[in-house]
Amino acid sequence: MILTFMLLFTILIAAAASSSCPMDLTYVETIPWNSSTCKDPVNKNLCCQALSSIFGIGLAEHLKETSMFYLSDVNTSSTCLSDFKHHLAAISVKPNIVSFCFPHPTQFVTNSSACAGITTLQDWNQKVAMDSPVKTSCKGDLKDQTLCTVANPFGTTDLSTTGCILGLTQPSNAVTRGSSNKRRKKIKLVIMLLGGVVFAFALALMVVYRKWDTRRKKNVHRREVENEVSAGVFPRTGAKWFHISELERGTSKFSESNVIGKGGDGVVYKGTLSDGTLVAVKEIFGLESKGDEEFCYEVEIISKIKHRNLLPLRGCCVTSDNLKGKRRFLIYEFMPNGSLSDHLCSYGANRLTWPQRKNIILDVAKGLAYLHYEIKPPIYHRDIKATNILLDSKMHAKLADFGLAKQGNDGKSHLTTGVAGTYGYVAPEYALYGQLSEKSDVYSFGIVILEIMSERKVFDTLNSSTDSVTDWVWALAETGKVEEIFEESIREGSVKSMERFVYVGMLCSHLVVAFRPTIVEALKMLEGEIDIPELPERPVPLGHASFQSSVLHGLQRSGGERVSL
């Protein structure tokens, strides 16, 4: 029984000790302030403002003694507010006004999720730079007049402190009682100077918090990227980061015997991954002007694109060494039937049938429609040509080479300072003026259609009379010889259907932007869902010498981005 009583007594003592207020609030009864705002009739706004300042004096003393900006828990806060009521009652202020002004004791409790996690002076010193405006203005302890000439030397409960820093309204006779004119002038000076310091403090705190929060978010994102890269996965896309050693093993150290394609922007190798998967490894040239962040951003865009008629990106690699410098690679799925270019102007079993040509054209149109209308913002490929159309094992076409892809602005035409693409396939308005839109890709698509249907190159170097496939097609169409446009092996096919494809190709590759259909409209025309409008007159032949020189000059002066000639 005695032991039980002693244990209960100990618990009660401990509870009483834990609920005591750590602040000495006796100053509430002696500090000079105009308490009339908290007496009948009570001005609740002014009264609550005054009580916040008075209670803040205790918190300031608590900070000086414990290095804690606020109280430890809700019980302690409630106890301090109860003591606060008691001392206010001693000067005839009704205690219930405290409950009105501070309905939630939690507002004076330490909260690690607020104010950048600063709860102690140690947190402040750790998270706020030593050269911040607050530090440089105050230059040390505010109590030391020699270190900070604008600090008030009289303490937190002094009249000048409560008046200028805490904003307490003074009683009418408080200043005059025992104060000289010299003291008034000093207080005014202190008020002016401290007003500037308080403003600087608040401004600095806001700036410091923003910088700290921005730096914190960047560090979190950087750590997430580093963790994902170390795990071998590109952030948020599923594409893999390959190590150069794996690519070297898979391509026999980039052997010439594994080269399956070359161009002005890079070379493509056939490779085998450690799991036996066949891939195409493209080493990209001419990226000195781009930093790693910009390259990775482009890779992230490309790797998010998922469509049956777009070549999937398996991953990338960025590396550098003293001998070869910085090297960048894109790793794609391997297409066993090569590019469309490999099958044009071929003979025997490799010659494309009419159904294959038809399906390839439709596949390309569907891939472009996805880029233009199903991605926000849309993506313009800018280099549609036969070598960038790859064929899988079932001869399904997939658009490749998104190293030139550029995000547009919701389909609106805009100007670009650098033109990218291949001479002959680039739309005139883009080559000459840098005006890029979805119709730029439509132009290149029209050229590809005419190439597939006729198996003539975009520029026929063997025929001196007409250099451009478009000029040749238009010349035959205007004289009613459309069937002569078809490649010989397919002339026994469906003439009406093939004529439709030729007319759509002519319309898409028209020199006037307004006459070209959108890729969605072109797809519907090809599939016979809508009629083909009457073909407008062709203005200037593309093969005209002056036109060709203007376009070529426009491409060559663009600079900054790849141009294949």
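As a summary of the residue check, Gln126 satisfies the conditions (1) assigned to a loop (DSSP other than H, G, I, E, B); (2) surrounded by fewer than 18 Cβ atoms within 10 Å (Cβ to Cβ) except for the one numbered (1). Kindly check whether there is at least one residue in the stretch 403-415 that is modelled with pLDDT of 80 or more and assigned by TED's automatic domain parsing to the domain that holds Leu371. The answer is no; no qualifying residue exists. Just wondering, is there one or more residues in the stretch 489-504 that are modelled with pLDDT under 95 and buried (at least 23 other Cβ atoms within 10 Å of the Cβ)? No, the stretch 489-504 contains no residue that is modelled with pLDDT under 95 and buried (at least 23 other Cβ atoms within 10 Å of the Cβ). Within the stretch 61-75, track down each residue that is part of a helix (DSSP H, G or I), touching a residue at least 40 places away in the same chain (Cβ under 8 Å) and in contact with a strand residue (DSSP E or B) (Cβ under 8 Å, 6 or more places away or on another chain). The one that is part of a helix (DSSP H, G or I), touching a residue at least 40 places away in the same chain (Cβ under 8 Å) and in contact with a strand residue (DSSP E or B) (Cβ under 8 Å, 6 or more places away or on another chain): His62.
Determine which member of the set Lys290, Lys282, Lys270 is basic (Lys, Arg) and either at pLDDT below 75 or over 20 Å from Leu313 (Cβ atoms) (or both).
From the options Lys290, Lys282, Lys270, the qualifying one is Lys290.
Of all the criteria given as (1) of a type in the set (A, V, I, L, M, F, W, C); (2) at pLDDT 85 or above; (3) in contact with a strand residue (DSSP E or B) (Cβ under 8 Å, 6 or more places away or on another chain), the one not satisfied by Phe486 is (3). Where strands (runs of 3 or more DSSP E) fall entirely within the stretch 258-346, those with at least 3 residues that are over 24 Å from Glu451 (Cα atoms), aliphatic (A, V, I, L, M) and not assigned by TED's automatic domain parsing to the domain that holds Glu487 are at 278-284. Of the residues making up the stretch 533-548, those that are assigned to a loop (DSSP other than H, G, I, E, B) and either surrounded by fewer than 16 Cβ atoms within 10 Å (Cβ to Cβ) or modelled with pLDDT of 95 or more (or both) number 8.
Asp441 meets each of the listed conditions (1) part of a helix (DSSP H, G or I); (2) at pLDDT below 90; (3) among the charged types (D, E, K, R) apart from (2). Can you spot a residue in the stretch 309-316 that is at pLDDT 85 or above, more than 19 Å from Leu273 (Cβ to Cβ) and either of a type in the set (A, V, I, L, M) or surrounded by 13 or more Cβ atoms within 10 Å (Cβ to Cβ) (or both)? Looking through the stretch 309-316, at least one residue is at pLDDT 85 or above, more than 19 Å from Leu273 (Cβ to Cβ) and either of a type in the set (A, V, I, L, M) or surrounded by 13 or more Cβ atoms within 10 Å (Cβ to Cβ) (or both). Restricting the first member to the stretch 265-277 and to residues that are at positive phi, and the second to residues that are of a type in the set (A, V, I, L, M) and surrounded by 13 or more Cβ atoms within 10 Å (Cβ to Cβ), the beta-carbon pairs closer than 8 Å and six or more apart or on different chains are Gly266/Ile284. Per the conditions (1) acidic (Asp, Glu); (2) over 24 Å from Leu432 (Cβ atoms); (3) surrounded by 13 or more Cβ atoms within 10 Å (Cβ to Cβ), the sole criterion not satisfied by Asp471 is (2). For the stretch 271-288, the set of residues classified as within 21 Å of Ser393 (Cβ to Cβ) and buried (at least 18 other Cβ atoms within 10 Å of the Cβ) consists of Gly271, Leu273, Val279, Ala280, Val281, Lys282, listed by residue number. Only residues that are farther than 12 Å from Asp24 by Cβ and of a type in the set (D, E, K, R) were counted in the stretch 65-77, giving 1. For Leu523, the criteria (1) free of Cβ contacts under 8 Å to residues at least 40 places away in the same chain; (2) under 19 Å from Leu340 (Cβ atoms) hold in every case but one, which is (1).
The values are calculated or read from the model by the stated rules, or taken from the named source; none is laboratory data. What you are looking at is a predicted structure, and each value in this text was computed from that prediction instead of being measured. Here Cβ is always computed from backbone atoms with ideal geometry, including for glycine, and neighbour counts include all displayed protein chains.
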